Amino acid sequence: MGKRSRQRQKNQNASRDDRDNAGWGAGYADIIKENKLFEDYYKEQGLIPEGEFDQFMEAMREPLPATIRITGYKSHAKEILHCLKEKYFKDIQELEIDSQKIEAPQPLSWYPDEQAWHTNMSRKLIRKSPLLEKFHQFLVSETESGNISRQEAVSMIPPLLLKIESHHKILDMCAAPGSKTAQLIEMLHSDMDVPFPEGFVIANDVDNKRCYLLVHQAKRLNSPCIMVVNHDASCIPMLQIDSDGGKDILFYDRVLCDVPCSGDGTMRKNIDVWKKWTTSNSLHLHGLQLRIAVRGVEQLAVGGRMVYSTCSLNPIEDEAIIAALLEKSEGALELADASADLPGLKWMPGVTSWKLMTKEGQWFSDWSEVPSSRHTQIRPTMFPPKDPEKLAGLHLERCMRILPHHQNTGGFFVAVLVKKAPMPWNKRHPKLRKSAPTQTGGSLAADVPRLLPEGSAEETEDGGPGGRGDGETENAGTPLAQEAAGKQDAVCGPPPSKKQKLFGYKEDPFVFLTEDDPVFTSIQSFYDLSPDFPKRNVLTRTHEGKKRHLYMVSKELRNVLLNNSERMKVINTGVKVWSRNSDGEEFGCAFRLAQEGIYTLQPYIRSRIIRVSVEDIKVLLTQENPFLSKLEDDAHAQAKQMGMGSIVLKYIPNPNNPSEPQCPIQLCGWRGKTSIRAFVPRNERFHYLRLLGVEVFRDKQGLGQKSRDGAKEEAAAATKAEQEGELENGDENGSLEPKIEGGNKESSIS
Ligand SMILES: C[S@@+](CC[C@H](N)C(=O)[O-])C[C@H]1O[C@@H](n2cnc3c(N)ncnc32)[C@H](O)[C@@H]1O
């Protein structure tokens, strides 16, 4: 790898990646927060309003206050909010720590349903102060179980501006570690009663290791509509799907283009940026950013939206990219005015003039001033368009720059692009294809004829975009491709002309079951699956041997997987719904339910369900193997009538009793000979206990479990069990392999 590429790689990986999800425990050594070049640069650019520069610099030097986003699906998120407001926020708001008065956290006005909160505490304070220990534990535990995200306020903006609907096909181009991906998934599942929304998220990252952060993030949401893939976004392959008996190119309704950037907007958190900042990061990244953005708009459906964002304040990475994209698009793209979409958020309109500075401090206002010796480093697309009329027509003022001192946040840049027509370099003799309403190919409105470029999937000899053509981008003679050829910083040209070979790619295969697969025989009868259960959406990860785990994806993702296995590096997809249970067969079915897939599966299961009360759940989550008689009468009677084996423990909220949780709760369990138990990962146990009003808290000595409602023993038991490893996760899913009565495993208990 050459020096330049090493530098680039370093920039991409280290710059701003971990602005979210750095964890509540991360910290930095003290670094002097001075950088003269940075100050000079931003003073000269004139991005900061007159008279505010000192405030800007002062805010940059202050630690970033923690912001919290409540994640998860609607009714659960509401319950967490209730818990936070009624308990944890109240506990901390009177406190004074190190002569700092802790203020009550405030909801972010522009984030819907009070799901995002701003505190005046830094992460360090929350982590270190003994007075905040309970709050800290709550945050750590709920973050681990996916119910809370410590996410920078500004980083929550792009998914909101995408205006996601549940049928949208979404591409998240540079997705790791995945805080925005999580938002996108949540938005798809806005109706909790629909287990398989029509839309999906394909979350991509070039860094294989970081893809696993994405998997972890996505897994917490248990969605069958997410796929994690591993490609360079600047040439991510065009995918194809079956549609109306033919093949179509998959155009996305929404694209999130949250590109790698120099990250100077994150200096409040990633304070080593103070030391490292020079303009060369921006100059290096500009080309990649533009190539990624171009690839994004190529794959966007006409009528679709793409959000471009960076946490850099630098116009070279921001307005310059947008201006270049708009110019190349020749009217196919427009900047949307998103000013009404973020009520109460203060932002600065995008700028129309900026200059360029080299690492050595030399300034250039125009491409014509750049000596040819610098032409590999400095590109024409880095400068604002010269023609004032053209420039005004781009409406760069619709871009949004969020400045740290305006509302005590990080710095951020975001722009919303709407695609009005195919990109000009893809437009060659577009062919009209009649559209019929369809579930899978519906990236365009059903009543609009679909525009397929020549050479699209339908027409290529080898039947798809991964062949010679790669759909929209097979344009060796187009201006775009010409520009790309031989120019280091120019837009990415056509993707490889040969079928992509996925070197070194080691993931297990994704194998779909057929409807008559023998595993369904016992599953069907044991769980009394409803006739509409989509068996074709069930998959395993092995071609050979016994199937250990069964996963499900939505019909639309199945379509994507089946049509693109040759060209796509899929790291993970699907939610686990069943796992083989070593002794299961003797109880009528070899497969037990998996907690992570229970909300997906449960609508199709008509037997093996026990309705439980709040008190029952407390018993089930705090005792290891309670006797059936520990359940309340109703649940006890149901359990007695049921044979041994895997069960669903289902709580249905009672709207007439608002003191109880108002969200449905479903837990996987096992009905033993005389006892019953829930198989729920540790953090989820704690989460549900908190929803039920049981405070789960462990002080430094492992003591100090308390309860609000007299459930002290239960909470203590849960914590003790956890400490003793009783509730430790049994497999990668965190579910325990059931101990079976009758055999030697449970006989001493029952
Ligand atoms: C700012 S981070 C993305 C943050 C993410 N969207 C989130 O909200 O959690 C940029 C990501 O881009 C990835 N990246 C860098 N170059 C890339 C490329 N050429 N294609 C795809 N991803 C890339 C990095 O690995 C990094 O994970």
Could you run through region 569-588 and say how many residues are open to solvent by 10 Å² or more (accessible area, probe 1.4 Å) and not charged (D, E, K, R)? 5
Number of the exception - residue 620 against (1) open to solvent by less than 10 Å² (accessible area, probe 1.4 Å); (2) touching a residue at least 60 places away in the same chain (Cβ under 8 Å); (3) in a helix (DSSP H, G or I); (4) under 20 Å from residue 662 (Cα atoms): (2)
Subset of region 284-318 that is touching a strand residue (DSSP E or B) at 6+ places or on another chain (Cβ under 8 Å) and in a helix (DSSP H, G or I) - its residue that is surrounded by the fewest Cβ atoms within 10 Å (Cβ to Cβ): 297
Restricting the search to region 645-666, which residues are more than 18 Å from residue 619 (Cβ to Cβ) and touching a Cys at 6+ places or on another chain (Cβ under 8 Å)? 645, 646, 653
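Results for (1) open to solvent by less than 50 Å² (accessible area, probe 1.4 Å); (2) away from the ligand (no atom under 16 Å from the Cβ); (3) within 30 Å of residue 300 (Cα to Cα), shown as yes or no for each residue.
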{"site": "96", "(1), (2), (3)": "no, yes, no"}
{"site": "101", "(1), (2), (3)": "no, yes, no"}
{"site": "111", "(1), (2), (3)": "yes, no, yes"}
{"site": "120", "(1), (2), (3)": "yes, yes, no"}
{"site": "126", "(1), (2), (3)": "yes, yes, no"}
{"site": "153", "(1), (2), (3)": "yes, no, yes"}
{"site": "162", "(1), (2), (3)": "yes, no, yes"}
{"site": "178", "(1), (2), (3)": "yes, no, yes"}
{"site": "191", "(1), (2), (3)": "no, yes, yes"}
Mind checking which pairs have a first residue in region 83-95 that is among the aromatic types (Phe, Trp, Tyr) and modelled with pLDDT of 85 or more and a second that is open to solvent by less than 20 Å² (accessible area, probe 1.4 Å) and part of a loop (DSSP other than H, G, I, E, B), Cβ under 8 Å, 6 or more apart or different chains? 89/105
Scan of region 54-79 for residues that are open to solvent by 10 Å² or more (accessible area, probe 1.4 Å), farther than 22 Å from residue 139 by Cα and touching a Pro at 6+ places or on another chain (Cβ under 7 Å), ordered by number: 59
Candidates 303, 296, 265, filtered to the one that is away from the ligand (no atom under 11 Å from the Cβ) and either of a type outside the set (A, V, I, L, M) or at pLDDT below 95 (or both): 303
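Tell me, yes or no, whether region 272-283 has at least one residue that is within 11 Å of the ligand (Cβ to nearest atom) and either within 21 Å of residue 338 (Cβ to Cβ) or open to solvent by less than 10 Å² (accessible area, probe 1.4 Å) (or both).
No; the residues of region 272-283 include none that is within 11 Å of the ligand (Cβ to nearest atom) and either within 21 Å of residue 338 (Cβ to Cβ) or open to solvent by less than 10 Å² (accessible area, probe 1.4 Å) (or both).
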Residues (open to solvent by 10 Å² or more (accessible area, probe 1.4 Å) and of a type outside the set (S, T, N, Q)) located in region 593-604: 596, 599, 603, 604
Go through region 548-566 and give me each residue that's within 14 Å of residue 594 (Cβ to Cβ) and surrounded by fewer than 21 Cβ atoms within 10 Å (Cβ to Cβ). 548, 549
I'm checking my understanding of the structure. Among residues of region 164-176 that are assigned to a loop (DSSP other than H, G, I, E, B) and of a type outside the set (A, V, I, L, M, F, W, C), which one is nearest to the ligand (Cβ to nearest atom)? 168
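For residues in region 334-358 being outside any loop (DSSP other than H, G, I, E, B) and closer than 19 Å to residue 305 by Cα, which is nearest to the chain's Cα centre (by Cα)? Before you say what the answer is, go through the steps one by one.
So in region 334-358, the residues outside any loop (DSSP other than H, G, I, E, B) come out as 334-335, 339-341, 348-349, 356-357.
Okay, now just the ones that are also closer than 19 Å to residue 305 by Cα, so 334-335, 339-341.
Values: 334: 26, 335: 24, 339: 24, 340: 24, 341: 21 Å.
So, considering only residues that are outside any loop (DSSP other than H, G, I, E, B) and closer than 19 Å to residue 305 by Cα, the one nearest to the chain's Cα centre (by Cα) is 341.
Within the bounds of region 385-393, is there any residue that is open to solvent by less than 10 Å² (accessible area, probe 1.4 Å), of a type in the set (A, V, I, L, M, F, W, C) and at pLDDT 95 or above?
No - not one qualifying residue is present in region 385-393.
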When every residue in region 193-211 that is open to solvent by 40 Å² or more (accessible area, probe 1.4 Å) and closer than 20 Å to residue 532 by Cβ is compared, the one nearest to the ligand (Cβ to nearest atom) is 198
Of all residues in region 212-231, which are within 13 Å of the ligand (Cβ to nearest atom), open to solvent by 40 Å² or more (accessible area, probe 1.4 Å) and either β-branched (Val, Ile, Thr) or touching a strand residue (DSSP E or B) at 6+ places or on another chain (Cβ under 9 Å) (or both)? 212
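The values are calculated or read from the model by the stated rules, or taken from the named source; none is laboratory data. Just so it is clear, the model here is predicted, and its values are computed rather than measured. Cβ atoms come from the backbone with ideal geometry, glycine included; neighbour counts cover every protein chain shown. What goes into the accessible areas is simple: the full protein's heavy atoms, side chains included, and nothing from ligands, DNA or RNA. Shrake-Rupley method; radii C 1.70, N 1.55, O 1.52, S 1.80 Å.
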